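Contents: one structure, followed by commentary.
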Amino acid sequence: RELRYAPPMLDRHRTRLALVVEWLAAAAVIGFWAWQVRTRPHPITWTLGVGSTLFVVTWLGVLHRRVRVPAEGETASDRAVRAAELVRWSTFVQRGLVAFLVFLAPVAVWKAWIDRAMYAAEPWRAGVGFGGVLVIAAGVWAVAEAQKRGLRARPNPDDTSVEVSR
């Protein structure tokens, strides 16, 4: 049995959904850090909040420059150009993730030092907090890499569907 589907971000509905999810995620990140700054006004909280907010704003700016909802009746060359933009978007995602982790590394050391008594008493908190960030980062990297591979694997930009055999 064969299934046909449009690759993510080349389909109008999926592109709109992806943009809404990105905006909701950005709002959640900004809301989380606003709440953290309000309840724990510590310099490390401000540092992480401002850094995360700047990252999210940059992320959304590049997202809306690179990813657009497909128009009705797009030509093959339009799809090829959009696919190339999506590959550049995925590359930005990976580079931005590395930059964010580089920013986060010294802040994580600072956080671990400040809360060393808590982490000594309850080491699982360090695993959940720092490990959670690394798991999320690895997942975002993998999705971006899979999207780049999928977009590059399509030999014919006029064919917006991929056949999958079961």
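The values are calculated or read from the model by the stated rules, or taken from the named source; none is laboratory data. Quick caveat, the model's predicted, so the values are computed rather than measured. Cβ placement follows ideal geometry from the backbone for every residue including glycine, while neighbour counts extend to all protein chains displayed.
Annotation note: of A76, A108, A153, the sole residue that is at pLDDT 85 or above and among the hydrophobic types (A, V, I, L, M, F, W, C) is A108. Can you spot a residue in the stretch 66-77 that is part of a helix (DSSP H, G or I), on the phi < 0 side of the Ramachandran plot, surrounded by 14 or more Cβ atoms within 10 Å (Cβ to Cβ) and aliphatic (A, V, I, L, M)? No.
Pairs linking a residue in the stretch 99-119 that is closer than 15 Å to H42 by Cα and polar (S, T, N, Q) to a residue that is loosely packed, with under 13 Cβ neighbours inside 10 Å and modelled with pLDDT under 85, with Cβ atoms under 8 Å and 6 or more positions apart or on different chains, do not occur.
Just one residue in the set V62, V81, V56 is within 25 Å of V133 (Cβ to Cβ) and modelled with pLDDT under 85; that residue is V62. So for the stretch 2-9 (the condition being part of a helix (DSSP H, G or I), at pLDDT below 85 and not small (G, A, S)), does at least one residue qualify? Scanning the stretch 2-9 turns up no residue that is part of a helix (DSSP H, G or I), at pLDDT below 85 and not small (G, A, S). Being without any contact (Cβ under 8 Å) to a residue 40 or more places away in the chain, exposed (fewer than 12 other Cβ atoms within 10 Å of the Cβ) and closer than 30 Å to R16 by Cα is a description that does not apply to R88. Looking at the structure I just gave you, is R12 of a type in the set (K, R) and at pLDDT below 90? Considered against the rule, which asks whether it is of a type in the set (K, R) and at pLDDT below 90, R12 comes out as yes. Here R79, R40 are screened, and the one residue that is of a type in the set (K, R) and touching a residue at least 40 places away in the same chain (Cβ under 8 Å) is R79.
Against the condition over 15 Å from the mean Cα position of the chain (by Cα) and not in a loop (DSSP other than H, G, I, E, B), how does A34 come out, does it pass?
yes
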